[in-house]
1. Region 276-368: which trypsin sites (Lys or Arg not before Pro) are DSSP loop and have at most 13 other beta-carbon atoms within 10 angstrom?
2. Trypsin sites (Lys or Arg not before Pro) within region 1-68: which are DSSP loop residues with at most 16 other Cβ atoms inside 10 Å?
3. Quick one: plug the Kirkwood hydrodynamic radius of region 28-68 (C-alpha pairs) into Stokes-Einstein at 37 °C, 0.692 mPa s, and report D in µm²/s.
4. Normalised by the number of residues in region 119-224, what is the relative contact order in percent for Cα pairs under 8 Å and 6+ residues apart?
5. Between the helical axis of 189-208 and the dominant principal axis of the chain, each derived from Cα atoms, what acute angle in degrees is found, rounded to the nearest 10?
6. Exposed loop sites here are GluC sites (Glu not before Pro) in DSSP loop states with at most 15 other C-beta atoms within 10 Å. What is the longest stretch of the chain lacking them?
7. Please determine, in degrees from 0 to 90 and to the nearest 10, the orientation of helix 82-97 with respect to the longest principal axis defined by the Cα atoms of the chain, where the helix direction is its Cα long axis.
8. Taking the chain as the reference, fit the longest principal axis to its C-alpha atoms, fit the long axis of helix 238-248 to the helix C-alpha atoms, and give the angle between the two in degrees, 0 to 90, nearest 10.
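Read the figures in this text as sums done on the coordinates, not as results from a lab. If you're wondering where the values come from, they're calculated on a predicted model, not measured in any experiment. Here Cβ is always computed from backbone atoms with ideal geometry, including for glycine, and neighbour counts include all displayed protein chains.
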Amino acid sequence: MRVVREGPIKITKAIIDGAWRRRSSEQRLVLGDAVCRGLALVVNATSMSWVFAYKPRGLDPVTGKRFSSRSITIGNPQSHSPDDARTMAGLHKGSAKSGKDPADERRSQIAISAKVRGQTMERLVDAYAIALSKRPKMRGSGTLSPRQSAAEIAHLRKAVASIGGESKPASEVTADDIRAVLKACGDKAATARHRYGTMSRFFDWAIDERFMSVNPCLLLAKGRRPRAVSARKRFFTLAETASFWKAAGKLPPLTRDLVRIFIVIPCRRGEAARMDWSQLNLNEAIWSQPDRLTKNGDPHRIFLPHLAKKILEARHDAAGRPVRGLVFPAPRSGKPIDTFSDIKEALAEQLPALSDWRFHDLRRTFATTLGEAGISETVADATLNHRQSATRGGVLGVYQQAQRWPEQVEAMKYWANALASAIVTTDQQNGTPES
């Protein structure tokens, strides 16, 4: 392509229009500006641009000569008028005279901006998900279990999605965004607390990895941060627990059996929903939970009293006595049941006299009932799969790791027998047989 240079001439709008009419696919026209030395209008076949040429200050330490001329694009006649282009060229000229290199600064700024745009929340959350499984716990020793890591990332993704922040650069997340996340939680104080904690831990990681410099969660005034939710103290009497058992009888067989397992086995609802036939030894009445299933990441075994064993044996026979597979698969997807809110709502219709309850209250009921019967709190905690160090302080919490299995078995038998007696009493009072 032939380069044609003209000028210097004072470039005006008329000069620009004339130069555009003279454009050709075979040449590049360069019009030097007479008002601002180094500024030129470059006219190509399909575009025009303002270009400022300059010589960086100083000498090349190798050759001892001045550096070659460099140029930087300012914009085009649509974005910059001739006067605007001269103003920008003047700024670049001043920068060059002070020893800086405008072109290098521009490239550096473009690279930084591209890096920032590339470090979106979605991308960093993906990177965090990989890193999280390898990071040590903030409390205690070891690393998070796969289940704990998955729960943490799930909370984080929901927090980001609640404000549509997936494509937002992480470094541009502000305190207002954090407030929006908390507002999206509505009146669910526990959820807000989880989301805030999860995001704060994520941003601490991002700072450690030098993706950003400030944790926006910490920009919220302390009084505006979600407070720890008061521990629930709700538990049921044996008569109320028996009413749950009876109410479950009005549900479809699958959810009926699942709810009754919640009642008779003091497990967490997610653990029961993911119960697998490969984990059960019905001959010895033992449910062996793998570490990936439990909340604390510790493997755990539970004795199956007669009420639980009866339910599971019936399901096992009905399913064709499988060796593996979910005990309570969702009817459509075949995956673990997660419609606990719907199940709770259906139960609540059958239990109008009970209010403000959760499935988790059944675990507290189990521990309270055992405590009232004089059974050791340590045995109850072991059955609930609580970390023993949580209830044993000092040296005892470190050295005493016994699970006291025979006592756990007796505790489960006591609980099942007490529950069975309460169910019979309820039947006698209502004049209805067990269902």
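1. Working: sites: 292, 295, 301, 309, 310, 315, 324, 332, 344, 358, 363, 364; in loops: 292, 295, 324, 332, 358.
Answer by residue number: 292, 324, 332, 358.
2. Details: sites: 2, 5, 10, 13, 21, 22, 23, 28, 37, 57, 65, 66; in loops: 10, 22, 23, 37, 57, 65.
In loop regions of region 1-68 (DSSP not H, G, I, E or B), the sparsely surrounded trypsin sites (Lys or Arg not before Pro) are 10, 22, 23, 37, 57, 65.
3. On the way: Rh = 12.1 Å.
Approximately 272 µm²/s, per Stokes-Einstein.
4. Working: 100 pairs, mean separation 29.5, N = 106.
It comes to 28 percent, rounded to a whole number.
5. The angle comes out near 50 degrees.
6. On the way: sites that count: 26, 166, 209, 284, 434.
It works out to 285-433.
7. Around 80 degrees separate the two axes.
8. Relative to the chain, helix 238-248 is tipped by roughly 70 degrees.
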